[in-house]
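As structure tokens, the structure follows; a few thoughts come after it.
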Amino acid sequence: MKFSQTFVRTGKEPPAHEVAKNARLLAQAGYIHKEMAGAYAFLPLGFMVLDNIVNIIREEMNRLGGEEMQLTALQRPDVWEATGRWPDNELEVWFKSQLLAGGEVGLAATHEEPLTALMREYIHSYRDLPAYPYQFQTKFRNELRAKSGIMRGREFLMKDLYSFSASWQQHGEFYEKAKQAYTYVFDRLGIGDDTFYTYADGGSFSQFSHEYQTLTEAGEDTIYLSREGGFAINEEVYTDDVLGELGVTRDDMEEVTAAEVANIFPLGTKFSDSLDLTFTDQDGAEQPVIMGSYGIGPGRVMGVLVEKFSDEKGIVWPQAVAPAQVHLAALKGGEAQADSVYAQLQENGIRVLYDDRDESPGSKLADADLMGLPTRLVCSQKTAQSEQVEVTHRASGQTEMLPVAQVTKKFG
């Protein structure tokens, strides 16, 4: 990608109307555009980052046995009325609209009801189980507060996987595999060491739900962390009874601030009972399907990454999610060399963002720091004469000179 061929633009200052660091940096660096409070457009570079996050999640869900599909955002009332969640006082984040032809529809905040109803057409016998459909779907929630940038929106992308099992044992076996799959996701995203499996309120579904919380001062949650145990407890269930059940004491726990990046929880038969999702077991008896839900927000994860991986100069993307591996900047006298290096990188399948603008060296280098790609290559009159390029690693700030002949070998 060349700067001259895209509408990506950076700003000299972060937008004054943004409060959250993730939104300020992403907007200034040209990754997102704020449409309104809680709703952001992902510009080309921002969409590349989001897509990289999605692909990591997709790979782990497929490895887990998930089958990707896509449900509708528009929701008919009857399936929600069956579970009692259509009234606004039951699910207070609804966006709803009147149809011109008559009737009312909602914009999905979650998808348990429509998917359970759909699966009645595909689950009849124990031979049809287990099943693990999932999707990446836009969700709509009428949040009262939307001040955390892309970490909390009214319109946002969600990966939601649902498990359909014949027994609690079958459900439990998958649940443990899902926990491990989420661990793999966060390890690959570069936040595994700071992301903890967290016990939280299970609501009407079960004793506990289980969140994945990433340590960050930008988080909205207070959790109590057992570093030795490798788990945490959300303050909403932080009681002596829960501590005793988990075999720890208050002295073992550290109070920290964190952001929820994922959650998993058993649904049991709440939705299958309400929507009559049953199967015939091996003895010929009719049984309700056991369900579970497994969510993660790619946009929220992207915001957390910016909160954690940034400095006074800008964003510092982890290699796995960066929109390109190399940020190539052509300074005066190094244009021809930069064109040649760009062609070499492209021919070898190396993702590169080429700053070929007619801008000052200071502006180009400042933008490279702001945009946060892992490696910056600079071509100038000096490097052209020496047949080398200047290589700077964004995370460490270390700089080295590299012969042009070795560029593709280093990054290939």
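Every read-out reported here was derived from the displayed coordinates using simple, explicitly stated rules and does not represent laboratory data. All values reported here derive from a predicted model rather than from experimental measurement. FYI the Cβ positions are ideal-geometry reconstructions off the backbone, even for glycines, and counts take in every protein chain you see.
List of remarks:
- Euclidean distance of C-alpha centroids, segment 235-275 and segment 13-32, integer Å: 33
- Most fluctuating residue given options G192, G334, G244, as computed from a GNM of the chain linking Cα atoms under 10 Å: G244
- Remark: segment 343-355, residue by residue, has Karplus-estimated 3J(HN,Hα) of 5, 5, 4, 4, 4, 9, x, 8, 5, 9, 10, 9, 8 Hz, where x stands for each Gly or Pro and the curve is 6.51 cos²θ - 1.76 cosθ + 1.60 at θ = phi - 60°.
- Ranking of M291, M36, M302 by neighbouring Cβ atoms within 10 Å, starting from the fewest: M36, M291, M302.
- For F208, the residues whose amide H sits under 5 Å from its own are G202, ignoring neighbours fewer than 5 places away on the same chain, with H placed 1.01 Å from N.
- Computed over the chain with a Gaussian network model linking Cα atoms closer than 10 Å, the most mobile of Y134, Y342, Y31 is Y342.
- Close amide-amide hydrogen proximity is noted between S293 and S163, F265, L267, each under 5 Å apart and 5 or more residues distant or on a separate chain (H modeled in the peptide plane; Pro and chain starts excluded).
- Size of charge dipole - the chain - debye, nearest 20, with Cβ of Lys, Arg +1 and Asp, Glu -1, no other charges: 1840
- Between segment 328-364 and segment 41-96, the Cα center-to-center distance that results, in Å: 39
- Farthest toward the positive end of the dipole of the chain, out of V19, G46, G247, is the Cα of G46, where the dipole comes from beta carbon charges about the Cα centre.
- Estimated distance in nm for a label pair at H393 and E68, the labels positioned 7 Å out from Cα along Cα-to-Cβ: 3.2
- For Rg and Dmax of the Cα atoms in Å, calculated from these coordinates, the label among (1) 24.5, 82; (2) 20.2, 62; (3) 29.7, 96: (1)
- Cross-link partners of K177 among lysines (Cα-Cα below 27 Å; sequence separation of 8 or more within a chain): K139, K159, K270
- Degrees, to the nearest 10: 298-308 long Cα axis against longest axis of the chain: 50
- Across K332/K409; K34/K364; K21/K147; K313/K364, pairs whose alpha-carbon gap is larger than 21 Å: K332/K409; K34/K364
- Helical content alone sets the calculated 222 nm signal of the chain at -9000 deg cm²/dmol, taking -39,500 (n - 2.57) per DSSP H segment of four or more residues and averaging over every residue.
- A cut-off of 5 Å between modelled amide H atoms, ignoring neighbours fewer than 5 places along the same chain, links G314 with no other residue.
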